[in-house]
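Participant: Structure below; questions to follow.
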Amino acid sequence: QVTCVEVVEAYVERIKEVNPLINAIVKDRFEEALQEARQVDKLLSEGPGDDYLEEKFPLLGVPITVKEAFSLHGMPNTSGLVNRRNVIATSDATVVSRLKQAGAIPLGVTNCSELCMWYESSNRVYGRTNNPYDLQRIVGGSSGGEGGVLAAACSVIGVGSDIGGSIRMPAFFNGVFGHKPTTGVVPNDGQFPNAQGVRTSFLCTGPMCRYAEDLEPMLRVMAGPGVNKLKLNEKVSLEKIKFYCMDHDGGSIFVSPVDKEILQAQKKVVEHLEGELGVQVRRVAIHKMKYSFQIWSAMMSSKDSDGQEAQLFTDLLGDHGKPVWPLWELMKWLVGMSSHTLPAIALGLTEKLMKLNPGGNAKLVSMGKSLQEEMEALLGLDGVLLYPSHPTIAPRHHSPICMPFNFAYTAIFNVLGLPVTQCPLGLSSEGLPLGIQLVAASYNDHLTLAVARYLEKAFGGWVLPGKV
């Protein structure tokens with residue numbers, strides 16, 4: 001009913017209208033996108049048949065955006081690091097290439113935190129991204145630009161990556177859908193920084209979007225042949241799913257208590273599932289979740305099976321430049337002279353501390369392994385766990401620095417390797433998005449995706465910012 005050019009033009013106009021407020025797209029490719037849209041319209045007019053096109057180009061003409069940490073040919077690929085300011089991608093990351101081959105049209109690249117290791121998307125290259133629901137709030141990180149751009153209806157679908165919640169936190173704070181796939185299914189190649197050593201089994205690349213039904217087609221394209229490991233063709237009977245529910249992590253000293261409104265939203269989900277599906281949602285208290293932050297930190301800095309040390313964040317900070325001394329950077333930061341953000345400097349300082357307690361770390365790594373076994377056994381082939389996405393709704397700018405470990409609610413599932421879908425659940429009394437994490441055992445992504453589609457119908461899914 002509409003041409004591809006009209007669709008792309010509509011999104012370009014929308015971006016021009018709202019991006020000055022939210023600063024989510026940091027570099028656009030509007031001219032190239034319109035050129036590609038013309039080619040799509042030409043292909044459609046030549047009419048090789050809809051069935052053929054649907055099979056060959058499942059995302060034909062769909063506008064997408066890509067986290068700037070991924071290579072998108074001709075676009076910057078700095079990951080918010082000042083020393084990489086002049087780095088322009090000369091090729092596409094594997095997932096970007098697959099989406100383009102499926103017919104998707106990239107509109108541009110979106111902001112992230114410095115080196116993708118913080119949950120506020122702000123850096124010294126592009127500045128800060130603002131939440132479309134309240135410009136004084138964060139979009140989350142590190143795929144924060146992606147969360148903001150989707151929430152503001154500036155893009156249809158987007159590419160994110162997640163090693164501690166970098167897809168799910170922005171999806172939660174911006175009221176959109178995000179999926180962290182089972183580890184090792186979607187390739188991570190072509191992003192900076194990429195995972196090395198033990199972290200290759202914690203980093204996940206995945207889809208972000210406004211509508212739950214878009215997660216699966218995106219995941220199929222992004223996974224390529226790897227999709228065979230997932231059971232996406234299996235029909236899911238929601239009544240047969242065993243639902244479990246945990247209200248909080250058990251009271252970690254490092255993490256804020258969970259907001260009342262987040263708990264209320266979760267309670268409504270439980271009541272809805274029990275009332276409408278006739279299932280019983282079982283409350284569980286998994287004791288080791290209390291140590292989520294410590295387990296994640298220890299596993300992130302552990303050696304891999306070949307004895308290779310985890311890459312130091314401080315080394316990444318020195319990419320394309322001289323080595324970085326975090327303490328010296330802190331001094332420079334205090335007088336406004338550092339080209340790094342405070343969270344990046346703080347991470348550089350604290351990673352040294354992790355090395356001081358090898359015995360304690362080994363204990364935490366083994367606790368993580370046993371938690372993984374416990375979760376896999378609990379969830380089995382037919383279980384889904386409901387768990388808060390974050391202890392608070394989207395915080396104000398800069399405030400994460402006061403509660404730096406709240407990301408533990410998402411991070412624990414990276415080191416456990418489990419698939420998680422982030423699902424929006426309407427808005428809070430302040431008009432900010434609420435949501436929930438849906439967790440399944442490895443390779444059971446189809447269960448969380450099915451529950452997300454169901455909850456979208458029940459709770460309304462994405463809400464246009466400014467509508468309330």
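Participant: Between Thr350 and Glu374, what is 0.36 nm times their sequence separation minus the Cα-Cα distance? Round to one decimal in nm.
Facilitator: Result: 5.6 nm gained on full extension.
Participant: Can you give me the accessible area per residue for the chain, using a 1.4 Å probe, in Å²?
Facilitator: Averaged over the residues of the chain, the accessible area is 41 Å².
Participant: How much accessible surface does Glu276 have with a 1.4 Å probe, in Å² rounded to 10?
Facilitator: 130
Participant: How many angstrom lie between the C-alpha centres of the range 91-154 and the range 402-456?
Facilitator: Cα centroid to Cα centroid, the span is 18 Å.
Participant: Of Arg128, Arg283, which has the most accessible area and how do the rest follow, probe 1.4 Å?
Facilitator: Reading off the accessible areas and sorting them downward yields Arg283, Arg128.
Participant: Once you keep just the Cα pairs under 8 angstrom separated by 6 or more residues, what percentage relative contact order results for the chain?
Facilitator: This gives 18 percent for the chain.
Participant: Moving on. Work out how much length Glu271 to Asp247 would gain on full extension: take 0.36 nm times their residue separation and subtract the Cα-Cα distance, in nm to one decimal.
Facilitator: 7.3 nm
Participant: Could you check the simple spin-label distance between Glu17 and Glu54, using points 7 Å along Cα→Cβ, in nm with one decimal?
Facilitator: 3.1
Participant: Working out 0.36 nm times the residue gap between His320 and Val335, then minus their Cα-Cα distance, what length gain in nm do you get to one decimal?
Facilitator: Full-extension gain reported as 3.0 nm.
Participant: Which FRET efficiency value, to the nearest 0.05, is calculated for Cys402 and Val87 with the Förster distance at 35 angstrom and r the Cβ-Cβ distance?
Facilitator: The pair Cys402/Val87 has a calculated efficiency of 0.60.
Participant: Moving to a separate point now. With respect to the cross-link table entries Lys42/Lys100; Lys56/Lys100; Lys27/Lys332; Lys180/Lys231, which display a Cα-Cα separation exceeding 20 Å?
Facilitator: Lys27/Lys332
Participant: Pull up the DSSP beta bridges for the range 4-459 and report the antiparallel fraction as a percent, rounded to 5.
Facilitator: The antiparallel fraction comes to roughly 65 percent.
Participant: Could you tell me what fraction of 2.2 N^0.38 Å the Cα radius of gyration of the chain comes to, as a two-decimal ratio?
Facilitator: Cα Rg divided by the expected 2.2 N^0.38 Å: 0.93.
Participant: Counting only protein heavy atoms and using a 1.4 Å probe, what share of the accessible area of the chain belongs to carbon plus sulfur, as a whole percent?
Facilitator: Exposed carbon and sulfur together represent 54 percent of the surface.
Participant: Quick one: ranking Tyr443, Tyr244 by accessible area, 1.4 Å probe, largest first, what do you get?
Facilitator: If we order Tyr443, Tyr244 from most to least accessible, we get Tyr443, Tyr244.
Participant: Another one. Using Cα pairs closer than 8 Å and at least 6 residues apart in sequence, work out the relative contact order for the range 272-360, in percent.
Facilitator: It comes to 18 percent, rounded to a whole number.
Participant: At 7 Å along the Cα-to-beta-carbon direction for both Arg282 and Met367, put a label point, then send me their distance in nm to one decimal.
Facilitator: According to this spin-label approximation, the distance is 2.5 nm.
Participant: To the nearest 10 Å², what's Asp50's accessible area with a 1.4 Å probe?
Facilitator: 120
Participant: Can you work out the FRET efficiency for the pair Lys240 and Lys467, with r the C-beta to C-beta distance and R0 = 35 Å, to the nearest 0.05?
Facilitator: Result of the calculation: an efficiency of 0.45.
Participant: Just read off the accessible area of His73 with the full protein assembly in place, 1.4 Å probe, to the nearest 10 Å².
Facilitator: Only protein atoms counted, so the area is about 100 Å².
Participant: Now for a different question. Suppose each label sits 7 Å from its Cα in the direction of the beta carbon; what would the Ser256-Gln196 distance come out to in nanometres?
Facilitator: A separation of 3.5 nm, rounded to one decimal place.
The values are calculated or read from the model by the stated rules, or taken from the named source; none is laboratory data. Given the structure is predicted, the values throughout are model-derived calculations rather than measurements. In this analysis, Cβ positions are derived from the backbone assuming ideal geometry, glycine residues included, and neighbour counts consider all displayed protein chains. Remember, those area values only see protein heavy atoms, side chains included, never the ligands or the DNA or RNA. Shrake-Rupley method; radii C 1.70, N 1.55, O 1.52, S 1.80 Å.
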